[in-house]
1. Compute the distance from the alpha-carbon center of the stretch A:149-173 to that of the stretch A:577-655, in whole Å.
2. Place the peptides A:142-150, A:553-561, A:112-120 in order of packing, highest mean first, counting for every residue the other Cβ atoms within 10 Å and averaging per peptide.
3. Pairs A:Lys364/A:Lys518; A:Lys7/A:Lys487; A:Lys591/A:Lys640; A:Lys731/B:Lys26; A:Lys775/B:Lys62: which are spaced more than 26 Å apart, C-alpha to C-alpha?
4. Compute the semi-axes of the equivalent ellipsoid of the stretch A:110-271, taking the square root of 5 times each eigenvalue of the Cα gyration tensor, and list them largest first in whole Å.
5. Plugging the Kirkwood radius over Cα pairs into Stokes-Einstein for chain A, at a temperature of 10 °C and a viscosity of 1.306 mPa s, what D comes out in µm²/s?
6. Using the alpha-carbon atoms, what tilt in degrees (0 to 90, nearest 10) does helix A:83-94 show relative to the longest principal axis of chain A?
7. List, in order, the whole-Hz ³J(HN,Hα) value for each residue of the stretch A:118-123 obtained from phi through the Karplus relation with A = 6.51, B = -1.76, C = 1.60 and θ = phi - 60°; use x for Gly and Pro.
8. Could you give the Stokes-Einstein D for chain B in µm² per second, using the C-alpha Kirkwood radius, 10 °C, 1.306 mPa s?
Amino acid sequence: MDGDQVKAWEALCIEEQPPACAAACPLRVDARGMAEKMAAGDFNGAMALYSRVVPFPAIIAHICEHPCEAVCRRAEAGGAVRIGALERALVEEAYPTIRRSAQRARKPKTIAIVGAGLAGLTAAFDLVMKGHAVTVFETEARPLERLRLDIDSSVLPPSAIDADLGALTSLGVDIRCRQRVTGGGSQALGDLIAGHDAVLLATGPGPAVQFSETLRLTAAGRIDLDPLTLATSLPTVFGSSLHSGGDETYSAILSVRDGRRAAVSLDRFLQGASLTASRADDTATGTCLYVNTARHAAVPPVEPADPVAGYCHAEAMSEAARCFPCHCLECVKACAYLTHYKTYPKRAVREIYNNDSIIMGNRKSNRMIDSCALCGLCQELCPNDLAMGDVCLDARQSMVDHGHMPASHHDFALRDMAFSRSDDVAFVRHQPGHDHSAVLFFPGCQLPASAPRQVEAVYRHLCDHLPGGVGFMLDCCGAPAHWSGRKALHQDALDHIRAIWEDHGRPRLITACSTCLKQIGEFMPDLPVASLWTELAAIGLPDHVAARSVAGPLAIHDPCTSRHAHDVQAAVRSIATLLGADVRELTGAEKTTCCGYGGLVSFANPEVGNAFVDRRIEESDDDYLAYCAMCRDNFARRGKRALHLIDLIFPDADDPAARPDPGFSGRRDNRLRLRRRLLRDLWGESMSDPVPPVALVIADAVRADIERKLLLVDDIAEVIAEAQRTGRVFKDRTSGHLTTSGRVGTITTWVEYEPTDAGFVVHRAYGHRMQVEVKP
Amino acid sequence: MTGVSGDPNTPDLVCGSCDKPLEMRKVEASYLGQTFPVDLPCCPSCGFVYVSEELASGRMLKVEQALEDK
């Protein structure tokens, strides 16, 4: 896989972008994570998140301006989450659980901080946590004097200030009050610079001019600071950005951010690291995280019973539960595959790339890669059009190219494809009585396998209504090869179709299968191709077909390969309506889901394949109307009443929605029979019916089990016939059953059976790929 | 191979050709170019090896999948 392409895919998924609250917070407080924990009652866990980022939890919870609330997406559904009130409830309950311990530096650096406001003390906190020896010099009698004087004690209780200051000094910060630092004299800046490894001036803009002999000032008389790093003209001295005079409006949370920004620079400087390299922009506020707020019902904020005391525990939990929380996950919610793997595209793309890059060791994600249905729904839902199918298909092709594709994942589907393309099944003829084809009908491999009689009927109808000769081509479009990452095999199938098309005078192709239509349109765009359904809508239905009442409404399921085939979607609906069906929409065609066959997921991962079809079935109690044979058969297999559009036009039974899934063995049989019948009845060729090697009796439950194990009845018959010929069997002395095995392709097929007058009763069959033999 | 071993739940089988009860023998299992010795019931006379469904769909399948993911 191409690393640049992988990065481009990763960049499209925005799930890891921060929620709006964290993006707007100067400290990047994870309010979403806190709310999730508080909603679950885990206040201690929430406090751990809060206090990891916020140096003074008690103070900030009370006086932060909470820019997070202004951008909270819950505002679109009932009102912003009251994050400030939640923080205060958190402090009230869980403050004592804060556990902090400073790192121990091998060689602690000495740092002097001038000014014990929020900026200076935040820097002191961050630097002492890094293991440095920090001394703070403050002119006033107490640290944080401005907070005590300017903010009413009902807003910021003095106890909160005392608690946070106590925690700070217990970490080892030495705060010296009534220590005015001046430009000269007994407590001169120059002495601090000489006596410490680094100095931070966090005094506010006022007294800057007195340091003019030591530091370079701006024209406005402020200390000249680098806006990004807060470095001054002296390498060991830094300032808080209040010195720059850019924003004179006091903000508690911005003061904390300034102190933090300065501390990062001091620490980098003391470590000899670059002040600018890989430095995150702490002023950025936006996020591109997509949140579908319309999905959520409006819920108003919780009002505390006691407004003065704030939220009690239960109220805080309820308010926290109003946080959605903000995630995109639009594709994940709609996709059985991503849901099964509990992942989202950004993480999945990285996992897939890592799996592709492994030189030695287990490729643990092979099955995950082969479990995507390649249905395109994620791309439809993604704000940035990321298609997991593109990623998985690329990975599959890489796995095949490097010999890492597990043989078992697609073996059965590819053998089925080979069978469809073999001389036993595939054939092409001009219309009887014609030596030229203006049109070539290409019903695909699954509709003839599911509804062979109807395929014959529709072909006769096309012959009657289209001029110039309608040829018939029974073959495979190569989709299984494409989906399994076999580029060469896929190209071979395409080349074969092209050769036939050329050989038959470049006729217009008509496909009954949406996948064939998409395959030919995408990979051979120069071939004229149309859907059977648009064609029927144009030429009309057979005369004997009249509108009749279809019992109950039909919920229409579009195949994923018709997601963007608007003309086909419209034609199908018009035909069904013409036939008297009351057609209801499910998700609509563009947001249709996979039936479990797409991308061969049902072969590589039957559990996920079934999850796809079962999810779809749950969407409506109505009978389903499909126009892809595999969709219809998968619905039938999982117990959903479903009919194919062709069943409406050419009903083969009184209740076509009850038509059972023919299963893999039945499908093969139907293809063989259709070929024989058409060649014999339409083209007058002599066809002999094959004689089965042995007569089998298989109970329904055993047959379903055989299907589930991807074994074929024909293969089982061959294995029994061979055993009867050679006598190579085990005999169970208790039951009298015989057990034998035979190698079919890459599978050793075991059959437990019993000869009876009615034939050989198959009791069970199973297979394995490993070969076992006695050592010579 | 450590993942696949003999199955204690072997039914009361005899070899149809040789009419002899099965015995546990060391046989060779192979997949994707890897071979492993494994004890499995087989006919002591003709060497026809028996693999139960439990073994095929259980430990043997796990080993097959592990080898496919190497």
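No value in this document is a laboratory result; all are computed from the given coordinates. Computed from a prediction, not measured in an experiment: that's the story for all the values here. Glycine also receives a Cβ, built like all others from the backbone with ideal geometry; neighbour counts cover every protein chain displayed.
1. 66 Å
2. Numbers: A:142-150: 16.9, A:553-561: 24.2, A:112-120: 28.2.
In descending order of packing, they fall as A:112-120, A:553-561, A:142-150.
3. Details: A:Lys364/A:Lys518 32 Å; A:Lys7/A:Lys487 24 Å; A:Lys591/A:Lys640 20 Å; A:Lys731/B:Lys26 21 Å; A:Lys775/B:Lys62 23 Å.
Result: A:Lys364/A:Lys518 exceed 26 Å.
4. On the way: eigenvalues 106, 63, 47 Å².
With the √(5λ) rule applied to the stretch A:110-271, the semi-axes are 23, 18, 15 Å.
5. After rounding, the answer is 50 µm²/s.
6. The answer is roughly 70 degrees.
7. Result, rounded to whole Hz: 5, 5, x, 6, 4, 4.
8. Stokes-Einstein gives a translational diffusion coefficient of 125 µm²/s.
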